[in-house]
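Written below as structure tokens is the structure these notes are about.
Where a number appears in this text, it was derived from the coordinates with a stated rule and is not lab data. This structure is a prediction, so every number in the text was calculated from the model and none was measured.
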């Protein structure tokens, strides 16, 4: 059962999950609340530092082994490489996930790309399932009163109702919904800075086939990795919107990303959540 605004307000331990597309302001709110008594649990950070850390480092090492000088240092254990992911810098994870296409333009072969996509999905599921344990840790070990769960932009792609039910039981689910202007901003940002993304396998295979047909390409290795991301991002974005809306309708509440952008402190954030609960009751 969804909590009422009064239940949320009277609860001394606030627990909130923020969900929505990357770029709608989830981490910005987390950074604001971290200055107070909120524990920030980042699913992407957990993925990169716990579940894919070794794979990320192996990928870096394999690239470095092509340089003779560095290869000799690695093989003699003369240097140490670590994964320096932070809440605000997920580049190591993004670089590992990669883009599909022409290896001459840093693209990955289709089989390797799909393998990494599958590993990412498994890691994301595991990181989401860790939420209750980190709620416990945040209170019992670190002494935080409140908990903010900053989930990945691909949460809606997991297609696992048990995950959403767990999140709704442990936290208040808030969907930050982009308006038409926000949507165009995110699409233009993807066009100017195409970055690696997670895709559901069915979606990926369909879009790869359409892109190759549209561009008269016979092999995936002929795909320009950045061009494919620019082409596919709007389709991915609009495929995710109804998925997020369905999760919010069933398990949580919806907040306009514009309203969240106006939040500058904890008090305003709590008011934002309470108003969403009132409107959703």
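Counting only C-alpha contacts under 8 Å and six or more residues apart, can you give the relative contact order of the chain as a whole percent? Please list the in-between numbers first.
On the way: 368 pairs, mean separation 91.7, N = 281.
In percent, rounded to a whole number, it is 33.
As a test, work out the antiparallel percent of DSSP beta bridges whose residues both lie in the range 5-280, rounded to the nearest 5. Walk me through the numbers on the way to the answer.
Working: 1 of 20 bridges.
Bridges in the range 5-280 that DSSP calls antiparallel: roughly 5 percent.
Between 22, 192, 78, find the one with the highest GNM mean-square fluctuation for the chain; connect C-alpha pairs within less than 10 Å.
78
For the range 50-95 and the range 165-243, what is the centre-to-centre distance using only Cα atoms, to the nearest Å?
Taking the Cα centre of each part, the range 50-95 and the range 165-243 sit 27 Å apart.
Quick check: from the Cα gyration tensor, does the chain come out rounded (a/c under 1.5), prolate or oblate? Don't jump to the answer; show the numbers that get you there.
Working: a/c = 2.25, a/b = 1.43, b/c = 1.57.
Since a/c reaches 1.5 but b/c is at least a/b, the shape of the chain is classed as oblate.
Report, to one decimal in Å, the Kirkwood hydrodynamic radius for the range 1-95 based on all distinct Cα pairs.
Details: mean 1/r = 0.0604 Å⁻¹.
Hydrodynamic radius (Kirkwood, Cα pairs) of the range 1-95 is 16.5 Å.
For the range 168-277, take the alpha-carbon Rg, divide it by the Kirkwood Rh, and send me Rg/Rh.
Numbers: Rg = 17.6 Å, Rh = 16.3 Å.
Radius of gyration relative to Kirkwood radius: 1.09.
Quick check: the angle from helix 161-170's long axis to the longest principal axis of the chain, C-alpha only, nearest 10 degrees?
Helix 161-170 sits roughly 40 degrees off the main axis of the chain.
Quote the relative contact order of the range 122-281 in percent (integer), defining contacts as alpha-carbon pairs under 8 Å separated by 6+ residues. Please list the in-between numbers first.
Details: 103 pairs, mean separation 48.4, N = 160.
Relative contact order comes out at 30 percent.
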